[in-house]
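Colleague: The following block contains the structure, expressed as structure tokens.
Each reported figure results from applying straightforward, stated rules to the coordinates on display, with no laboratory input. Predicted, not measured: the structure shown is a model, and the values here were computed from it. Every residue, glycine among them, receives a Cβ derived from its backbone with ideal geometry; neighbour counts consider all protein chains shown.
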Amino acid sequence: MRASVARGTARRMGAGAVVTAALLLAACAPKHVSRIDPNSVTDLSGRWNDTDSRLVAGALIEQSLGGGWAERYSGSHGGQPPTVIVGRFRNDSYEHIPVATFVNDLERAFVSSGQVQVVASPEEREEVRTEREDQQEHAREDTRARLAQELGADYVLQGQIQSIEDEEGGEKIVYYQVDATLIDLESNVKVWTGQHRIKKYIERRRFGF
């Protein structure tokens, strides 16, 4: 009798293990993946994403170039466009934000405008300088990049990203504020300040509804 009960218990345990393994395999099974337009607007979690980075960068650069400083510079320098370096943008928000991607978006928007020249960052300059110095020794003379011909920046763009969260029950508001300042490198004068804000409403639905 005891052996029969033991065998029944073992069978039930075995069946339970099979069911558990099947559920785990189903949970780990690959989900359907499809490709979408990289420029499409997507919001899955409500957190800062690539769309926010691109749109905020475009809005700030549009504001900046509408501030008149670029035209004033060109007018006093024989039509020469100003040269800008995009400096540090601090992430003072509650979440991880890939600031390097945002800086790249700012640079891209500046360059695409055709109204300013953008110089390389300190990290990029080090790599370029190493290559230029290597050319002096190893490249043919008529193809060498000349030394001491770098273009100095006239202005530096700096800023910060901040966020505020407000949550109650299944509802959440996330507010982002991005401030930017353009500074004359020679005089430290702030020639332009701008701001762009994003406010997101997130409703978290419960399972079964």
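Colleague: For residue 88 and residue 74, compute 0.36 nm times the residue count separating them, minus their Cα-Cα distance, and round to one decimal in nm.
Modeller: So the chain would gain 2.5 nm between residue 88 and residue 74.
Colleague: Evaluate the distance, in nm, between pseudo-label points positioned 7 Å from the Cα of residue 128 and of residue 162 along their respective Cα→Cβ axes.
Modeller: 3.4
Colleague: How much length, in nm to one decimal, is gained on full extension between residue 143 and residue 203, taken as 0.36 nm per residue of separation minus their Cα-Cα distance?
Modeller: Between residue 143 and residue 203, full extension yields 15.6 nm more.
Colleague: Can you sort 90, 54 from fewest to most other Cβ atoms within 10 Å of each residue's own Cβ?
Modeller: 90, 54
Colleague: To continue, here is another question. Between residue 50 and residue 151, how many nm apart are label points set 7 Å from Cα along the C-beta direction?
Modeller: Taking the two extended label points, one gets 2.9 nm.
Colleague: Same structure, new question: Can you sort 133, 168 so the residue with the fewest Cβ neighbours within 10 Å comes first?
Modeller: 168, 133
Colleague: Sort 190, 199 so the one with the fewest other Cβ atoms within 10 Å of its own Cβ comes first.
Modeller: So the residues, fewest neighbours to most, are 199, 190.
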